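Peer 1: The structure that follows is given in the form of structure tokens.
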Amino acid sequence: MFDVITSHPNIIYLYPNALYAEISVNFVDNTISLIRGHGYPDSNIDNGFDWKYDNTRPDEFD
């Protein structure tokens, strides 16, 4: 399983919480910037993609 995930050209492995935020990546500067996520840029945002099945509350913060 590990070999497939790390070497197959058509597989993307998403870590837990991989979709809670929208980011931008600059491969030249080797930086990652938060665009939208938990409480950013607005405190009412629970996830970066407005996922309608979001279970952030109350489970994530218990």
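Peer 1: Can you say whether residue 3 is surrounded by fewer than 10 Cβ atoms within 10 Å (Cβ to Cβ) and in a helix (DSSP H, G or I), as far as the supplied structure shows? Walk me through how you get there before you give the answer.
Peer 2: Working: surrounded by fewer than 10 Cβ atoms within 10 Å (Cβ to Cβ): yes; in a helix (DSSP H, G or I): yes.
For residue 3, the condition - surrounded by fewer than 10 Cβ atoms within 10 Å (Cβ to Cβ) and in a helix (DSSP H, G or I) - is met.
Peer 1: Determine if segment 45-58 includes at least one residue that is of a type in the set (S, T, N, Q), out of contact with any Asp or Glu (no Cβ under 7 Å at 6 or more places or on another chain) and surrounded by fewer than 10 Cβ atoms within 10 Å (Cβ to Cβ).
Peer 2: First, pick out the residues of segment 45-58 that are of a type in the set (S, T, N, Q): 47, 55-56.
Filter once more, keeping what is out of contact with any Asp or Glu (no Cβ under 7 Å at 6 or more places or on another chain): 55.
Filter once more, so that each one left must be surrounded by fewer than 10 Cβ atoms within 10 Å (Cβ to Cβ): none.
No: segment 45-58 contains no residue that is of a type in the set (S, T, N, Q), out of contact with any Asp or Glu (no Cβ under 7 Å at 6 or more places or on another chain) and surrounded by fewer than 10 Cβ atoms within 10 Å (Cβ to Cβ).
Peer 1: If you don't mind, another one. Just checking, how many residues over segment 11-43 are part of a loop (DSSP other than H, G, I, E, B), of a type in the set (Phe, Trp, Tyr) and either open to solvent by 100 Å² or more (accessible area, probe 1.4 Å) or farther than 30 Å from residue 1 by Cβ (or both)?
Peer 2: 3
The values are calculated or read from the model by the stated rules, or taken from the named source; none is laboratory data. None of these values were measured; they are calculated from a predicted model. All Cβ positions, even for glycine, are placed from backbone atoms using ideal geometry, and neighbour counts span all protein chains on display. Calculation scope for accessible area: heavy atoms of the full protein, side chains included, ligands and nucleic acids excluded. Shrake-Rupley method; radii C 1.70, N 1.55, O 1.52, S 1.80 Å.
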